[in-house]
Amino acid sequence: MKYDKLFALMKEKGLTTYRIRQERIITETTLQKLREGRNVTTDSLASLCQTLSCQPGDIMEYVEDPTD
């Protein structure tokens with residue numbers, strides 16, 4: 001999964017990582033997983049979607065793993 005769309009949307013809507021941590025929208029560990037393109041829970045994605053008023057497809061995209 002790629003979360004480039006998430007970080008672009010956060011910037012567009014003025015949602016900072018500081019605010020994410022302060023309001024406990026998701027944990028710092030989850031935020032780091034998103035930066036690295038690793039798996040996160042659907043609860044975390046739901047929290048981000050609620051905060052950003054968007055759908056999951058607005059913040060992530062599936063990219064096939066070239067090693068598969």
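The values are calculated or read from the model by the stated rules, or taken from the named source; none is laboratory data. Everything numeric here is computed off the predicted structure, so don't read it as measured data. Methodologically, a virtual Cβ is constructed for each residue, glycine included, from the backbone with ideal geometry; neighbour enumeration extends over all protein chains shown. Accessible surface areas use protein heavy atoms only, side chains included; no ligands, DNA or RNA. Shrake-Rupley method; radii C 1.70, N 1.55, O 1.52, S 1.80 Å.
Taking GluC sites (Glu not before Pro) across region 8-46, the ones in a DSSP loop with at most 12 further Cβ atoms lying within 10 angstrom of their Cβ are 23. Candidate cross-link partners of residue 13 among the aspartates and glutamates, defined by an alpha-carbon separation under 14 Å and a same-chain spacing of 8 or more, comprise 58. Stretching residue 62 away from residue 46 to a fully extended chain increases their span by 4.1 nm, per 0.36 nm per residue minus the current alpha-carbon distance.
Residue 63 sits with roughly 70 Å² accessible to a 1.4 Å probe, with DNA, RNA and ligands left out of the calculation. Measuring gaps between exposed loop sites in the chain (trypsin sites (Lys or Arg not before Pro); DSSP loop; at most 16 other Cβ atoms within 10 Å), the longest gap, sites not included, is 39-68. With contributions of -39500 (n - 2.57) from each DSSP H run of at least four residues, the per-residue ellipticity at 222 nm computed over the chain stands at -15000 deg cm²/dmol. Kirkwood's formula applied to the C-alpha pairs of the chain gives a hydrodynamic radius of 12.2 angstrom. Take every Cα pair under 8 Å whose residues are at least 6 apart in sequence, average their separation, divide by the length of the chain, and the relative contact order is 51 percent.
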